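Enquirer: Sharing a structure here in structure tokens format.
The values are calculated or read from the model by the stated rules, or taken from the named source; none is laboratory data. Remember, it's a predicted structure, so these values are computed and weren't measured experimentally. Ideal geometry is used to build each Cβ from the backbone, glycine not excepted, and the neighbour counts take in all protein chains shown. Ligands, DNA and RNA are stripped out before the accessible areas are found, and what is left, the full protein with its side chains, is counted by its heavy atoms. Shrake-Rupley method; radii C 1.70, N 1.55, O 1.52, S 1.80 Å.
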Amino acid sequence: MEKRKDKDKFSVNTSNKETILDFVERKLSENASIRELMKDEFVRFTSIRDFLYFKFCPGYFGMCPNSKNKKDKMCNPANCWERRFAALFPHGFDNDYIFYYNLVKDTITPSICYSCGSSSVELEWQDEGYLAKIGLINFADIAYVRCNSCKKKYMSHADNFAIEFIVKLFLAKPSKRSPIKPGQTVVLPKDKVGLEIFIKHLNETKDIKTVWQKLDPFSVANQFEELDLSLATSDFLCDYYNIDYSTEDDIPLEDFEDIDIKDLFDDFEE
């Protein structure tokens, strides 16, 4: 399987023909949270695309073409899904906190307040640039549930599980070869269901070197002074869901028949 080995792997290259549905489908191609919601449906959907089209609207991902906060009786999600992405977002859409807000809120625990039992809860991402410090490691992109009634605040179960595992791993096996370094920032993925699946897999892995390889498949710890578990989790989920991507080798040769190498360089000489 060819895997995309770059830090910007979640960016989606769009063309003028791509729709909002194309963008969202591709952005969620490796997302376990959307698949968890699919499992809860009585109707069996064969693809993420069909599930998005029939169950949601772009507004669920903060991408309403009409700038609405809520879906109403005047909405026709089919029309909105088919709107051209580039026309509505000429500079792209990179606010992942808004994009994943409802999806994360619908799939993480707790969904109610443990203290007062209220279901009136809001999802909070930690403030931009703020790092929750635990021990010698920083953790970024933690999701919290805040109760509107008693104001209690809870970390998501997936984030808590991941942080406990990373800290225990760091304290139990310090090493220069470990991807987890003192003072490092560990970026937790916004796909909290995927994060939990990934950490459970690591927790069952006996070989420490295998755990290190799974944690840092692209060596981002060395390049960016952080360990981005978004990349590691996504890489794992490609195998977990048997997701494959076409490579340049799949491009038919006839696409290059009319290309003249001289056209690519002004100073080309035979």
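Residue-by-condition table, conditions (1) among the hydrophobic types (A, V, I, L, M, F, W, C); (2) open to solvent by 50 Å² or more (accessible area, probe 1.4 Å); (3) farther than 27 Å from V24 by Cβ:
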{"residue": "P77", "(1), (2), (3)": "no, no, no"}
{"residue": "N95", "(1), (2), (3)": "no, yes, no"}
{"residue": "A132", "(1), (2), (3)": "yes, no, yes"}
{"residue": "Y144", "(1), (2), (3)": "no, no, no"}
{"residue": "S149", "(1), (2), (3)": "no, yes, yes"}
{"residue": "K152", "(1), (2), (3)": "no, yes, yes"}
{"residue": "N160", "(1), (2), (3)": "no, yes, yes"}
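Enquirer: A further question follows. Look at E196 and say whether it is within 22 Å of P110 (Cα to Cα), surrounded by 13 or more Cβ atoms within 10 Å (Cβ to Cβ) and modelled with pLDDT of 80 or more.
Expert: In short, yes.
Enquirer: While we're here: Among the residues of region 212-229, write down those that are at pLDDT 70 or above, open to solvent by less than 20 Å² (accessible area, probe 1.4 Å) and in a helix (DSSP H, G or I).
Expert: Passing the criteria: L215, L229.
Enquirer: Let me ask you something else. Could we say that E36 is of a type in the set (D, E, K, R), surrounded by 15 or more Cβ atoms within 10 Å (Cβ to Cβ), at pLDDT below 95 and out of contact with any Cys (no Cβ under 8 Å at 6 or more places or on another chain) here?
Expert: yes
Enquirer: Return a yes/no flag: does region 75-93 have any residue that is among the aliphatic types (A, V, I, L, M) and either in a loop (DSSP other than H, G, I, E, B) or in the same structural domain as S234 (by the TED database) (or both).
Expert: Taking region 75-93 first, the residues among the aliphatic types (A, V, I, L, M) are 78, 86-88.
Those still in the list that are either in a loop (DSSP other than H, G, I, E, B) or in the same structural domain as S234 (by the TED database) (or both) too: none.
No, because not a single residue in region 75-93 is among the aliphatic types (A, V, I, L, M) and either in a loop (DSSP other than H, G, I, E, B) or in the same structural domain as S234 (by the TED database) (or both).
Enquirer: Sticking with this one: So P110 fits all but one of (1) more than 26 Å from D244 (Cβ to Cβ); (2) part of a helix (DSSP H, G or I); (3) under 22 Å from the mean Cα position of the chain (by Cα); what number is the exception?
Expert: Among (1) more than 26 Å from D244 (Cβ to Cβ); (2) part of a helix (DSSP H, G or I); (3) under 22 Å from the mean Cα position of the chain (by Cα), P110 violates only (2).
Enquirer: What's the number of the only condition in (1) out of contact with any Pro (no Cβ under 9 Å at 6 or more places or on another chain); (2) of a type in the set (A, V, I, L, M, F, W, C); (3) modelled with pLDDT under 90 that A143 fails to meet?
Expert: Evaluating A143 over (1) out of contact with any Pro (no Cβ under 9 Å at 6 or more places or on another chain); (2) of a type in the set (A, V, I, L, M, F, W, C); (3) modelled with pLDDT under 90 leaves (3) as the failure.
One line per residue, one yes/no per condition, for (1) open to solvent by less than 30 Å² (accessible area, probe 1.4 Å); (2) more than 17 Å from Y241 (Cβ to Cβ); (3) among the acidic types (D, E); (4) at pLDDT below 95:
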site: K5; (1), (2), (3), (4): no, yes, no, yes
site: E25; (1), (2), (3), (4): no, no, yes, no
site: A32; (1), (2), (3), (4): yes, no, no, no
site: T46; (1), (2), (3), (4): no, no, no, yes
site: L88; (1), (2), (3), (4): no, yes, no, yes
site: Y101; (1), (2), (3), (4): no, yes, no, no
